[in-house]
Amino acid sequence: MDHLRPTKGRRRGLSINSITENQQHAMNSSIDNLQNDLSLIETQWNRILSEKTNPLELALAFLDDTSVGLGHRYKEFNQLKENIGNHLQEVVNEHSQVFNANVASYGKTVSSITETQENTSLVKKNFKLVNDNIIMQKGTLKELNEANMNYNNIINSLSFVEEVLQIPEIIEDHLRNDEYKDVQKLLERGFLLLNNHDLKNLKPLKPITQQLEMQEHVFFNNLIDEIHDIVYSKKNNHTDLDIDILKIVNINQNGFTSLESYLYNIANIDIVKHSSDINGKLIKFIKCIHKENGTTAATKKKKILASDDENEHETTNEKENITNNNVVLSTDRSQCSDYLRIFYLLSLIQDINKLPTACSILVDRARKEIHSIILKSTEKVRRTHPTLLKLAAGIPIDSNFGLSVNDLLSVIMRECFWNIFIKLLLAIQAHRAILESIKVLQPSTSMNLTYNINNIWNKLLDEVSTLLSRYLNNPSLLVTSNNYKNRLAPAVPKRKNELIFSLQNNIEDSTEAKNQAGELKALLKDIFPGFTVATNMDLETIYVKDESFEQEETLLPPSIFNLKFILEPFLLFSKASSNFISVNDDNINKNKINSTLITPMEFFENYMSKQFYPKIELTLNALFTMRVESNNPYALENIEENRNIFKAAADFQQLFYNILQAANTTNILRKKIMNAILDLLNKFYDYYAQLLSKLIGPTDIKVNRKIFNLWFNDEKLMNIERKILIDNDETVFVEESYELFKFIIEQFSKNGGGLTKEHIFNNITLETIIYFLNTIFWINSWLPGLKKVIDNTNNDDDKGESKKSDLGIDSIRNDWSFFETFNLNKSTTEEHLRILLDKEMGAKFDKAIDGFESLQLKLLSLLRFDIRARNIYQIGKLFQNIKLWNLSVGSTEVDQNITSLISELRMIENKLEQHLPANEKDRIFSGVDVTINNAFIIGAHSILVLNNNGVKKMLKNINVIQHTCRNIYSASSKMSMADSILYYTLCGADEKELFENIESGKLPFCSVSDLKTILRLQFSEELSKQAKRASTSSMKGSVKPLTKRYNDAMKKLDSLKK
């Protein structure tokens, strides 16, 4: 051992103090703090601080207080700088003794060895002398034997010291070569030697103990880092998968372009098959480590690691050729090599007694690592395709329903999301492998309780939920909808108590605190989009902590139509993970964590139904707002044959067709999405129902003087209109006329009474109603033809549970998938586009169709009412202006009111012929002759005196109107004023002719009052003259023959009617 003798010269002094447990913890803590600062820079400052960062540009950015500057992060930067400085100083301070001790320990140790060697030489001499004395002095043999044993122990201790001194350097070599098993054995050997009774109390060996502890810490961190590399696919791009989904979707199909091949493969991915294939390695691994039933944990561990422990330096080919009857076949081992590697690393961690610590670290770092998967995948796209992303950033939510399939970026985004969800799936698979490995390594302990896979699963679901929300939830839609009355508000959770927060309850009752914290968390999520909190809340505090990461900018503008890129990988992830994350899993049940477990498919259904579906409704409402409601509701658009309709309706048709194409309603029954589409259709109906209400005006007659409100609110009258317009019932015209006049009959011919100009529509409003009606006709021409009801009652019957599950995946995929929209011509669209509906949704669709048909009926009735109101108004003015019709000379002139009425009828006829289908004009004008007849007959009651010249003039006006109406109405023979003509003809005849017509039944349309009016008007001129003569005659009290004749006629009339 002379080579260990120190050189001559000045020797460094050695001052070593023992390190307490607190000091050791402070040393480790200082390194961890510094590492945390560096990790913070890598995660949150990686875009700002890099090797190429210009300090001047960075300083200018910190001085910039605008929204694009970094002024708001200047304090955070200063705080980070101070933390790094303090933590560096802390590392130096805490490790100063170790630094000094390591420098001096070697010289001191060499000196001690040299002294020990000298002592050994002296011992050998003394031993020889003792042997000599044994012969000479027999009585001292026992003492010499004991001395010999002590010297032998000292010699052995010296050899142990020499071995211990060499161990740290050897460990360093093995660490550099990743020879972990050798490192573990050397550490175990080193600590065993240092804990030997003879070496335990040697102060010169304390630095060696500390060095081994530091190497053990480095070794432990390396093992943890390699486990993280495997779990989160950091060093490989999941190329070891049996089925590489990204390769499958890029297989070229014969006769297809690369883009068509990609879309074909995406559409034909077998989710169930590929999820089973991806889980194959995990299933084989679990069978592999649980194969030896009934054996001890140590024996099972040795058999599993047999080939890896024999020689860690063997090549891959050599390992594959190892055969052992007690070991799993080499082919099975190679197929689950990553999971066996995890088992191997965990076994090493167990050997150094740090398995509980490792479990805690793996659980605690899960959220950060999961978020890193998403961040790195998106950063890769951002780094490799910056130009495409800039172009996509300007896509508004209403253009082409998201990113078009023709855009190259759509392929890139699909691959990005496939990459994210495959890595997330591999991560949760690896965590399940860790749980199974821990169960094998320590089956008799409660170690599996410390590795809470449910906690990791919930963290992963939080990250997935955040990812989906950032790409599918467009917060600007809520702002758009807030500008309108029917906006959607966030669903605030229903509170169980009056107060959402109570400090007293939180202090004493953790259950109450949990409930209130959950309600507060849900409320904060609704108020602040992107706010997330951990699923496992610490109830030791009454505050909810924000554990979310900084929200990175999304690659695409958020939109529900981004689901085109996300659905398949998301569904594959959910289906595949559901095979090993289940409440029915015995391994999970043993851990007693199933009470809060959210299964993958449950999470998928909950997210799609409770979060995504409301966004569909919100998006469709926003598109409706921008495409339809933002228009001037009265703006016109010309369609075929110069027909004008409201532009909003044409825009809605285009929007509706695009939505149906995106939802693929022609080929698939989309129950969930179809509800939102039908709600949009109802919203469209409500839009025009409200527009009709605005045109009619308020229902209060004191505010709205239009007679139409009274007529519209008369249920009996509206039923009559339905019979006329729907059933073509012409027998109810008289009843219709009666219902029209019952509101105005008393004021019809009085001056200042009856209808006025304010009661009827002006020409602009009338034209608007005609356009409105034409729009509704146009809607009813194409909308009902989209309906196609199918019978799906037998689809879910007589199927096994496993088949139902497999078919359920395809059903779920069909429920939520979106397709591309194409600008097809109108005839092609109407020919091929359909809406598949079941009976329930078909009834809902029919309800919307009934609504539009009801609008059509109301608008037709409104035009009928307007025409009748114009007739009543103008004829009423005729009788209001002229009370005396005893004209001295005959006149062939038509009254100006009748002239105005004819002009208005001609004007309405022209507009109806120009804008409405041919037969609709007749439906609107049908029965108007009955109303005109009644108007003239009722007006006769206001005439005071009528002679033959007056009768002729009245008949002239009636004939002119009759001629006009017959020219307007196609069946001219049905348009007859015979009743009013006969009525006024009898007014110019005598009472004998009147009674003859009564007896022959020619006056069924006349009431007793009408007949009395005829009789009165027959005698009116002579009675008027008689009254004038009587006023100047002395025979005032005598009964005149004319009066007697009139009275007799009245009595006879009364007797006939009785």
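The values are calculated or read from the model by the stated rules, or taken from the named source; none is laboratory data. Since this is a predicted model, take the numbers as computed values, not measurements. Neighbour counts are summed over all protein chains in view; Cβ atoms, including those assigned to glycine, are modelled from backbone coordinates with ideal geometry. Ligands, DNA and RNA are stripped out before the accessible areas are found, and what is left, the full protein with its side chains, is counted by its heavy atoms. Shrake-Rupley method; radii C 1.70, N 1.55, O 1.52, S 1.80 Å.
Observations, loosely collected:
- Qualifying residue in region 93-108 (condition: among the hydrophobic types (A, V, I, L, M, F, W, C), open to solvent by less than 90 Å² (accessible area, probe 1.4 Å) and at pLDDT 80 or above): no
- Wholly enclosed helices (runs of 4 or more DSSP H) of region 544-635 bearing at least 2 residues modelled with pLDDT of 75 or more and surrounded by fewer than 19 Cβ atoms within 10 Å (Cβ to Cβ): 600-606, 613-624
- A Cβ distance below 7 Å, combined with a sequence gap of six or more or placement on separate chains, defines the contacts here; from region 887-911, residues that are free of Cβ contacts under 8 Å to residues at least 40 places away in the same chain reach residues that are open to solvent by less than 50 Å² (accessible area, probe 1.4 Å) and of a type in the set (Lys, Arg) in the pairs Glu904/Arg870.
- Some residue of region 671-684 being open to solvent by less than 10 Å² (accessible area, probe 1.4 Å), closer than 26 Å to Lys974 by Cα, at pLDDT below 90 and in a helix (DSSP H, G or I): no
- Scanning region 701-730 for residues that are in a loop (DSSP other than H, G, I, E, B) and open to solvent by less than 70 Å² (accessible area, probe 1.4 Å), we see that the one that is modelled with the lowest pLDDT is Asn704.
- Annotation: Asp538 fulfils all but one of (1) at pLDDT 65 or above; (2) assigned to a loop (DSSP other than H, G, I, E, B); (3) among the charged types (D, E, K, R); the unmet one is (1).
- Test: residue in region 262-273 that is modelled with pLDDT under 55 and on the phi < 0 side of the Ramachandran plot: yes
- Extreme residue, most open to solvent (accessible area, probe 1.4 Å), among residues of region 361-380 that are of a type in the set (A, V, I, L, M) and over 25 Å from the mean Cα position of the chain (by Cα): Ile361
- The residue of region 851-899 that is nearest to the chain's Cα centre (by Cα), among those that are open to solvent by less than 50 Å² (accessible area, probe 1.4 Å) and among the polar types (S, T, N, Q), is Ser854.
- Exclusive hit being closer than 30 Å to Leu901 by Cα and in contact with a Leu (Cβ under 7 Å, 6 or more places away or on another chain), set Ile958, Ile998, Ile968: Ile968
- Answer from Ile227, Ile208 - the residue that is modelled with pLDDT of 85 or more, among the aliphatic types (A, V, I, L, M) and buried (at least 20 other Cβ atoms within 10 Å of the Cβ): Ile227
- The set of residues in region 915-966 that are without any contact (Cβ under 8 Å) to a residue 24 or more places away in the chain and either of a type in the set (Phe, Trp, Tyr) or part of a helix (DSSP H, G or I) (or both) comprises Asn959, His963, Arg966.
- Scanning region 69-92 for residues that are within 19 Å of Leu38 (Cα to Cα) and either of a type in the set (D, E, K, R) or open to solvent by 90 Å² or more (accessible area, probe 1.4 Å) (or both) yields a count of 10.
- Screening the candidates Phe191, Phe219 for the property of being open to solvent by 40 Å² or more (accessible area, probe 1.4 Å) and among the aromatic types (Phe, Trp, Tyr) yields one hit, Phe191.
- Condition broken by Phe936, with the remaining ones in (1) modelled with pLDDT under 90; (2) open to solvent by less than 30 Å² (accessible area, probe 1.4 Å) satisfied: (1)
- Those helices (runs of 4 or more DSSP H) lying entirely in region 422-481 with at least 3 residues modelled with pLDDT under 80 and touching a helix residue (DSSP H, G or I) at 6+ places or on another chain (Cβ under 8 Å): 447-450, 476-481
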